[in-house]
Amino acid sequence: MNCYKVVEKMSGDCFMTDKLNFFISGMDAGVRNHVLSDIYPKIGKNLIILDDSENAGMLNIKEIQAAGYQVKNGFSGEFSLYNPLRIDSINGIARLRELMKVMGYDEKQKQKLIAYLKFIEHIEGLFGTEEDNILTLEILGSYSSNMYVEMKIQKLVSENIIDSDQQLYLLSKYSEVCDVAADFENSFYILAPFIRGKNKLTSHADLTAYLFSFKEMETDIVMKNIVTHLLLYDIADNINERFAILILDKGMGERPYILKLLTALPEWAEVYLVSPDIFTLVNNNMLSMIMNRFAVRIYSKHLAMDSCRFIEELLGEINVVKQSYAVNYDCRWSANKPLDILWGRNKTEGYVTNPSVREPKYRKEMIARLHQGEAIIEYGGRSLLVSL
């Protein structure tokens with residue numbers, strides 16, 4: 001059964017949105033693979049894949065290629081993501097500060113780093129070599145030692161660009177911020193593989209799937225956070241609605257970078273999320289924020305009863321009318337003669353229809369015992385148990 005046809009039937013006479021962000025959560029690999037095989041041919045645009053799954057079978061490269069995609073490794077060094085050294089605007093400074101926070105810099109270090117980069121900008125501006133007020137790793141590397149900085153400032157004096165008083169001023173300013181330079185230089189090696197590539201993610205006109213395999217980073221949360229932020233900034237600046245984003249989640253452990261993606265991606269982004277149990281990512285307070293991004297939600301069997309309870313609450317309640325049956329026996333001797341007992345005249349039977357009560361549409365126990373291939377599809381306030 002094609003999941004798009006199910007959603008179309010569920011929409012009925014209601015307006016069906018063009019952008020159907022899919023959310024798939026559950027342990028059933030058959031359901032997951034079936035839905036993904038329906039999704040790939042329907043996307044029809046370039047795809048960014050963030051693979052943080054530990055299940056080797058969750059991502060089927062051949063199936064993606066069969067849908068018309070050429071698959072590129074996003075970590076090959078060919079592609080350049082957002083350059084965090086762009087501090088020519090308030091937005092650029094805010095992004096760098098956030099990135100430095102991820103890397104463990106405190107507030108004082110962040111302020112010094114901005115001052116240090118502004119110092120380099122000023123020196124490069126005096127030479128007239130800086131283009132568009134954007135620093136590069138190559139420019140930053142030329143200031144990697146006190147000797148190089150002193151030589152640059154001395155060159156400015158030799159070329160009569162500054163006088164001796166200005167030389168002393170620049171040297172004193174450098175002494176105030178140079179202590180953070182050594183620490184930030186060590187960060188070059190982390191940032192360089194992601195911002196030195198010659199091509200951008202928008203460089204391919206044909207259907208291309210850019211694969212960022214977070215599994216290569218093992219359990220390095222900081223590295224994954226850095227890549228996530230660079231990718232988010234690149235998406236916001238350069239990537240438009242010709243792209244879709246597929247997130248493959250492993251469903252366990254600490255994953256703040258996945259939460260950052262889901263909450264910081266632009267509203268227009270077409271997003272697909274696949275996880276064995278996405279409810280291990282967020283607490284109850286943040287659940288609505290995540291769910292609101294996805295128009296179609298698909299749930300298969302979950303192992304954790306807490307996750308089943310979340311699904312039970314998300315799918316809502318229905319009115320249930322129950323009937324009760326009661327028998328009143330007459331215990332008097334005169335009412336228990338053999339003929340009365342034989343014909344049932346020693347009792348009074350009653351059927352009562354009770355007022356309707358609200359009960360979960362799908363109980364958590366039922367969700368935990370879904371059969372293989374069964375899933376609950378939710379769309380537009382409606383839900384349906386289907387076999388995929």
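Couple of notes before you dig in:
- Evaluation of residue 231 against (1) open to solvent by 10 Å² or more (accessible area, probe 1.4 Å); (2) in contact (Cβ under 8 Å) with a residue 40 or more places away in the chain (one fails), failing number: (1)
- Condition check for residue 215: basic (Lys, Arg) and more than 26 Å from residue 189 (Cβ to Cβ): no
- Boolean, residue 249 is out of contact with any strand residue (DSSP E or B) (no Cβ under 9 Å at 6 or more places or on another chain) and not polar (S, T, N, Q): no
- Exclusive hit being without any contact (Cβ under 8 Å) to a residue 60 or more places away in the chain, buried (at least 17 other Cβ atoms within 10 Å of the Cβ) and small (Gly, Ala, Ser), set 141, 92, 128: 92
- Any hit, segment 241-257, residues being of a type in the set (Phe, Trp, Tyr) and part of a helix (DSSP H, G or I): yes
- Qualifying residue in segment 259-275 (condition: closer than 30 Å to residue 359 by Cβ and of a type outside the set (Gly, Ala, Ser)): yes
- Every residue from segment 344-370 that is assigned to a loop (DSSP other than H, G, I, E, B) and touching a residue at least 40 places away in the same chain (Cβ under 8 Å): 361, 362, 363, 369, 370
- Among the residues making up segment 17-29, those that are loosely packed, with under 15 Cβ neighbours inside 10 Å and either touching a strand residue (DSSP E or B) at 6+ places or on another chain (Cβ under 8 Å) or aliphatic (A, V, I, L, M) (or both) are 19, 29.
- Residues in segment 260-303 that are in a loop (DSSP other than H, G, I, E, B) and either exposed (fewer than 15 other Cβ atoms within 10 Å of the Cβ) or among the basic types (Lys, Arg) (or both): 266, 267, 268, 283, 292, 293, 301, 303.
- Leading residue by the ranking (nearest to residue 114 (Cα to Cα)) among those in segment 65-96 that are of a type in the set (A, V, I, L, M, F, W, C) and touching a Phe, Trp or Tyr at 6+ places or on another chain (Cβ under 6 Å): 81
- Sole exception among (1) within 27 Å of residue 311 (Cβ to Cβ); (2) open to solvent by 60 Å² or more (accessible area, probe 1.4 Å); (3) touching a residue at least 60 places away in the same chain (Cβ under 8 Å) for residue 32, by number: (2)
- Scanning segment 353-382 for residues that are of a type in the set (A, V, I, L, M, F, W, C) and open to solvent by 60 Å² or more (accessible area, probe 1.4 Å) yields a total of 2.
- Check on residue 172, open to solvent by less than 70 Å² (accessible area, probe 1.4 Å), touching a residue at least 40 places away in the same chain (Cβ under 8 Å) and in a helix (DSSP H, G or I): no
- Whether a residue is small (Gly, Ala, Ser), over 14 Å from the mean Cα position of the chain (by Cα), assigned to a helix (DSSP H, G or I) and surrounded by fewer than 13 Cβ atoms within 10 Å (Cβ to Cβ) was assessed, and residue 182 passes this test.
Quick grid of which residues meet (1) in contact with a Cys (Cβ under 6 Å, 6 or more places away or on another chain); (2) in a loop (DSSP other than H, G, I, E, B); (3) not small (Gly, Ala, Ser):
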| residue | (1), (2), (3) |
| --- | --- |
| 5 | no, no, yes |
| 9 | no, no, yes |
| 20 | no, yes, yes |
| 75 | no, yes, yes |
| 99 | no, no, yes |
| 105 | no, yes, yes |
| 108 | no, no, yes |
| 111 | no, no, yes |
| 115 | no, no, no |
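The values are calculated or read from the model by the stated rules, or taken from the named source; none is laboratory data. Not measured: the values here are computed from a predicted model. FYI the Cβ positions are ideal-geometry reconstructions off the backbone, even for glycines, and counts take in every protein chain you see. Accessible surface is based on the protein model in full, side chains and every heavy atom, while ligands, DNA and RNA are left aside. Shrake-Rupley method; radii C 1.70, N 1.55, O 1.52, S 1.80 Å.
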